[in-house]
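The values are calculated or read from the model by the stated rules, or taken from the named source; none is laboratory data. All values reported here derive from a predicted model rather than from experimental measurement. Positions of Cβ are generated from backbone atoms using ideal geometry, with glycine treated the same way; all protein chains shown enter the neighbour counts.
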Amino acid sequence: MYVDDFDVQVSAAEAHQEVIERARTLRAASTTESEPFPEQESGAAEIPPEVPRLDVKSWQRALGLALFFTILVLAAFFYLIQSARRINFQEQERATASKAASPAAANTAPKPVSPPPPVLSLTPTLRLYTDLVPGTVVLDDQPARNLTDGELVLDHLSEGLHSVKLAGRSGTAAIQFSVNGKAAPQTIGTPRASNALVVLVSDRGGQGHLATNAENATILVDGKPAGDVTAQGLALPALGTAEREFEITRGGDRQRFVWTYTAAPALTVYVKSDPNIGTLVLTTGQDGVEVYIDNSLYRRKTERGSLRIPLRVGSYKIRVHKVGFVDPAPLPIEVKKSEETPLAFKMEPAPEVTSPLLPVPPAASVVPAPGKTTPETQTTQSAEPQTPAPEPPAPAASTAVNANMVTEGTTMRKGGGFVNYGVPKMPGSYSFQAQGQLGGFLKKGRLQWYAGYQDSDNYILFTLDGKHASVREVRRGKSVEWNRIPFSADSNKWVAVSLSIKANSVSARVKGEDGPWIDLGRVSSPGRDFTQDQVGLYIPPDDEVAVANFRFARH
């Protein structure tokens, strides 16, 4: 209808177009309401679909492989370094051996030099010892001076008359004496005192002379009666150079004094009060010796080779130490009231250990032992043996006698077992240096040496494990640990060892490259002669130990 009407056809087309536009508008509105936050285009580049994706497991697998290969490379690097070090050590050993073959390269073993004795004044000297401490002393008209631990030594005395006045908390004393030339000072009159006993000892014309304020007292010298004291004193036999013990008895009272020799002409004065203390008279023959009382360092060192220490009545353990000397064994003492207790230590110079970088002699043969190669390792703090120790390999028998043996230079000793260095056959000291050359990968070893070896059931083993030093004795197949102390030492560094062998005891000391000497203690066995037993090194399997300057010197 209205097919031929052009205007109608145009109106119909416009209406149709409006319907289409309206439909589009409605559709757009419905889409906006269902998606309030339209998707925004990202600026990041899209990954092409042909690129493979990695999941979490793949990342973990990749990291694990990387870590494994890193550890493998580091292990190979460490192994190469250790191999290079060993090769360099062998080259150095061969080089020093070639130098030793030349007569011009011959070296003479240095000898230990004993330190000189203490320097003593040979001028008239006054030695005063008292237990009136704290106290002061006045010489002539000089200012009063404090007493140091009840001891005063005045040398370089001028000629003429002198007086000494002593004042303490519980008593006083006064004496007079004269000095004539280089002779010993001579007493004048009788000493005066209040609440104190005064004893003066001097040398007069080659004879000893004693004066005291305790008249009519009986004198004993070294336990033998010497006579009674008068107002003029008492003449004594020549005192000589030995230590003397004086005992003064009056009624029921008894006092003891220890007189020590001095090369200087001296007047020795003893002033005793009545407190509950005594005096330790310690002699070492060396100056500057440290004294330990029950392991506590005393504040003073020895002077003129001796030291007097006031102590309360009781029991004590005394030990001494000086650099360059072997530490003597500690000694017990009993201090008694108003008495002097003598105690003497013998200071022996420590063996001198020189540099290991010396010409190398021909390598000594190693005595490997068949059978088991690991000594007992049981640890026990009991004083009695508890558990049998495994039998170690027996070292080869040796009847060689060491007489001031010297083996200069450095030698390599390879493990498996005991390496015997002979039998002392006499008291003496071994000294050597050692450096561990360990076998195996990342292995930590020990430095071990032994003494007193009779058989697989009886020997003494010294061990350094890098953190501790220990001394163990195997006796009749049982293990006893004598001592265990901290001692830090790198197995790749040199360690000096001093081993003292006596008839009834064995002792050892060790020293790191930069540290002091450390005493490992003493193993004693009455009735046994350690000088007839074997001495040497124990080296575990696959290990090597470099030994330098192995020496033996008779005591």
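Residues in region 272-299 that are in contact (Cβ under 8 Å) with a residue 60 or more places away in the chain and either closer than 19 Å to Pro349 by Cβ or loosely packed, with under 14 Cβ neighbours inside 10 Å (or both): Asn276, Thr283, Thr284, Gly285, Gln286, Asp287. Between a residue in region 56-76 that is touching a residue at least 12 places away in the same chain (Cβ under 8 Å) and any residue that is among the aliphatic types (A, V, I, L, M) and part of a helix (DSSP H, G or I), which pairs come within a Cβ distance under 6 Å, given they are 6 or more apart or on different chains? Correct list of pairs: empty, since none qualify.
Taken over region 79-97, residues that are modelled with pLDDT of 80 or more and surrounded by 12 or more Cβ atoms within 10 Å (Cβ to Cβ) amount to 1.
Can you tell me how many residues within region 141-161 are surrounded by 11 or more Cβ atoms within 10 Å (Cβ to Cβ) and in contact (Cβ under 8 Å) with a residue 24 or more places away in the chain? Qualifying residue count for the region: 9. Which one is surrounded by the fewest Cβ atoms within 10 Å (Cβ to Cβ) among residues in region 126-140 that are more than 10 Å from Leu154 (Cβ to Cβ) and among the hydrophobic types (A, V, I, L, M, F, W, C)? Once the filter is applied, the top-ranked residue is Val138.
Residue-wise test of (1) in a strand (DSSP E or B); (2) surrounded by 16 or more Cβ atoms within 10 Å (Cβ to Cβ); (3) more than 11 Å from the chain's Cα centre (by Cα).
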| site | (1), (2), (3) |
| --- | --- |
| Arg484 | yes, yes, yes |
| Ala496 | yes, yes, yes |
| Val506 | yes, yes, yes |
| Val510 | yes, yes, no |
| Pro516 | no, no, no |
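Scanning region 255-298 for residues that are among the aromatic types (Phe, Trp, Tyr), closer than 18 Å to Gly314 by Cα and in the same structural domain as Arg169 (by TED's automatic domain parsing) turns up just one, Phe257. Contact map, region 321-334: residues that are at pLDDT below 90 and of a type in the set (A, V, I, L, M) paired with residues that are part of a strand (DSSP E or B) and crowded, with 16+ Cβ neighbours inside 10 Å, Cβ distance under 6 Å, separation 6+ or inter-chain. Pairs shown: Ala329/Arg522.
For region 531-544, the candidate set comprises residues that are more than 30 Å from Pro328 (Cβ to Cβ) and part of a strand (DSSP E or B); within that set, the residue that is modelled with the lowest pLDDT is Glu544. If only residues of region 162-193 that are hydroxyl-bearing (Ser, Thr, Tyr) and either more than 13 Å from Thr130 (Cβ to Cβ) or not assigned by TED's automatic domain parsing to the domain that holds Arg145 (or both) are counted, the one that is surrounded by the fewest Cβ atoms within 10 Å (Cβ to Cβ) is Ser163.
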